[in-house]
1. Here are the criteria: (1) more than 15 Å from the chain's Cα centre (by Cα); (2) in a helix (DSSP H, G or I). Tell me which single one F167 does not satisfy.
2. Just wondering, is there one or more residues in the stretch 100-112 that are crowded, with 17+ Cβ neighbours inside 10 Å, more than 15 Å from the chain's Cα centre (by Cα), aliphatic (A, V, I, L, M) and in a helix (DSSP H, G or I)?
3. Might you check whether a residue that is part of a helix (DSSP H, G or I) and more than 15 Å from the chain's Cα centre (by Cα) occurs anywhere in the stretch 126-134?
4. Would you pick out the residues in the stretch 166-181 that are surrounded by fewer than 15 Cβ atoms within 10 Å (Cβ to Cβ) and either farther than 15 Å from Y90 by Cβ or of a type in the set (V, I, T) (or both)?
5. Which ones in the stretch 146-156 are under 13 Å from S88 (Cα atoms) and among the hydroxyl-bearing types (S, T, Y)?
6. Within the stretch 89-141, work out how many residues are hydroxyl-bearing (S, T, Y) and farther than 26 Å from K74 by Cβ.
7. Scan A144, A117 and give me the residue that is within 26 Å of N47 (Cα to Cα) and either surrounded by 17 or more Cβ atoms within 10 Å (Cβ to Cβ) or of a type in the set (V, I, T) (or both).
8. Looking at (1) touching a residue at least 60 places away in the same chain (Cβ under 8 Å); (2) over 12 Å from the mean Cα position of the chain (by Cα); (3) in a helix (DSSP H, G or I), can you tell me which one K74 breaks?
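The values are calculated or read from the model by the stated rules, or taken from the named source; none is laboratory data. This is a predicted model, so every value here is computed, not measured. Positions of Cβ are backbone-derived with ideal geometry, glycine not excepted, and every protein chain shown enters the neighbour counts.
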Amino acid sequence: MNLINTVFRKHRNLYFNLCLATAFSFLLLLFRIKITHSYFYTFLVWNLFLAAIPFFITQVMKYYSTWKNSKPQKILLFVTWLLFLPNSPYIITDLIHLHDHNSILKWLDLFLVFVFALNGLLLGLLSLLDMYVYIKNESSKTKAHISIFLISVLSGYGIYLGRFLRFNSWDFLTQPLYLFEQIRISLTEPKVWAITIAFGGLLWILFLLMQSALRINTKHNTTESK
């Protein structure tokens, strides 16, 4: 309970705005269901839930004191975070469903997927910022930047595994041998590298942009307070 109170007090404005953005996407989905009598895009709710898991993990990492002195807990949290992180930008690929015959209102459906994808991407970027700060505090700024770059690339590849090979984050535990075999085979395909570089590069660039914006805003607020 103390953990929850601490987290909420320190970042309540952020959490409120994230809840507001999520509520807007849910209301938009309910509106579509109302006028089309179709539940086709309800899978976006599950995808957004998966996209929120990395953000939740990094929030726990920041405030859960007992894990700091336990290396196994550190590794477990980081690996779990890394496995679920691709789910955040993954929702962008749900735009492919606009070609489905169930997508009957193209502009509304486009906007709906965009809103869900934007929320998922935002949660992933906020989680990346948290992880960057943690790695920087544990090692150095240079290692943190290199780590975030490599994590972004791995996330880009994770999107390929999810969209084209239809793997889930938990397949790492449920069918690891088959997963690794498919990974080995996929690395020889040019499309893999195109998807990996495209999505990984986008995630990394957006992280740098958000980091720069936050740094500028922090300096501006510091200057005003003097």
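1. (2)
2. yes
3. Yes, the stretch 126-134 has at least one match.
4. Answer for the stretch 166-181, where residues must be surrounded by fewer than 15 Cβ atoms within 10 Å (Cβ to Cβ) and either farther than 15 Å from Y90 by Cβ or of a type in the set (V, I, T) (or both): L173, T174, Q175, P176, L177, Y178, F180, E181.
5. S152, S155
6. 2
7. A117
8. Status for K74: all satisfied but (1).
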